[in-house]
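Reviewing the structure listed below.
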Amino acid sequence: MVNRSPHVLTTLLLVAGARIAASEEGAVEAARRQIREGNRAAAIATLGARLAERPTDTDALTLRGIVLSWEGRYDDARADFQAVLARNRTHGDALPALIQMELWADRPAVAGELAREALLRDGQNPAYLYLRARALKNLGKHTESVRLLRRLLEVDPRHEQGQQMLSGMKDEVRDWEAGVTHGVTWFSDKRTAWRETQGSLFRRTRFGTAGATFSYADRFGLQSRQAEIEWYPRIRPGTYGYLNYGYSPDASLYPRYRFGAEIFQSVGRGVEVSGGMRRLGFAGKVNLYTGSVTKYRGDWMFTLRTFLTPDFVGTSRSFQLGARRYFGDGRDYIAFRVGRGAAPVEARSQQDVEILQSLSFAIEWRQRLTHRLGITLRTGAYHEDRLSRSGLRRYVADGGADYRF
């Protein structure tokens, strides 16, 4: 999630205009008023006109860079900030704004290095201590981040954002997470319900999060088991992957094996794209090719995903559209999803590959009960045409809990 803290942004905006000389207040002050009125495009134009007259106006460059970064125009904002820093490498407005922007642009290594260099010159600066702590957190270096936050609060005990982040980080140093979920699926034709229980154990490492999931399903008097291993490797800033392998010793409800691979890439302006494939080892092999586009905007995440499933009669296409609203530090959320096609959700079991056409809607809610313990609830409804019958309605409900240690 892209976390544009209003306190940081307001501070940067006010400081950016605090040093403007009286002769230069006209254009920049007009831009600040336009920003307060919510007209960022006009503010960018006003500042552009000022810079056309005086390209070296560092106040106008800094303010325009801040507004451009809010709009997700990271390359343009970076150029403005760097133009200021080329004249004054310790500029008190442009440097923290650039570090903040690099965090939004999912370049924590760059942000962390800029903050580290700034701390070499001013080791007690609360802004740089806070920004470097955030960069370390995003890099998965939670222990170092907590250490820096404690140092920040020694320097400035009333630093509100540091206090909040440290409170939320107390559990970030706990790298293990265990979870359990149980779900039930009912059918409109009164056929036997599908029940599934899953247990998982994951660990965060410097190379990415890895773990295992164990599933047990019961349907039509058949029981089936499956074990999976997953890894989300960090490849480079802005790029990570997904690898999955699952095996079912009985292969009665789950595929004998399941393989998945996908790569995710940030392309700037809060947009992430991905591409990958899944293979399900039933009696007849099923290959699915998938891609997605995700847009982060404020506390929202919007995702469009497609699945392409080729077979002997052609290629079926499925689409999912999801929206997720984050709360607090981003660990709590509510999400909505609609799907249409033969694969309205990612296929995992025999019942998923029997679908010819489907329309689905689902809601998911995640809430922390304590710093360590959280719960997740999901419910959904499906209208499906299957191999066995058309117009089947399916209802799903499941709940789970996870614990960090």
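How large, in Å, is segment 6-169 by the Kirkwood hydrodynamic radius built from its alpha-carbon pairs?
Values: mean 1/r = 0.0616 Å⁻¹.
The answer is 16.2 Å.
Annotation for THR379 and ALA401: the two label points, set 7 Å from Cα along the Cα-Cβ direction, are 2.1 nm apart.
Sequence gap at least 6, Cα distance under 8 Å: using those rules, report the relative contact order of segment 63-150 to the nearest whole percent. Don't skip to the answer; put the middle values down first.
On the way: 90 pairs, mean separation 16.6, N = 88.
Dividing the mean separation by the residue count of segment 63-150 yields 19 percent.
Bridging of LYS285 to aspartates and glutamates at a Cα separation below 16 Å is possible for ASP311, GLU346, ASP352, GLU354, once same-chain residues fewer than 8 apart are set aside. Full extension of the chain between ARG269 and ARG389 yields a length gain of 38.7 nm, computed as 0.36 nm times the residue separation minus the alpha carbon distance. In the elastic network of the chain, a GNM with C-alpha springs shorter than 10 Å, the most mobile of ASP189, ASP156, ASP59 is ASP189. Extents of segment 176-404, taken as max minus min of Cα coordinates on every principal axis and listed largest first, are 46, 38, 30 Å. Straight-line cross-link partners of LYS141 among the aspartates and glutamates, defined as a Cα under 12 Å from its Cα and at least 8 positions apart when in the same chain: GLU172, ASP175.
Readers should treat all values here as calculations from the given coordinates under stated rules, not as data from a laboratory. None of the values given here were measured: they were computed from a predicted structure. A quick note on method: Cβ atoms are made from the backbone with ideal geometry, for glycine too, and the neighbour counts reach across all protein chains shown.
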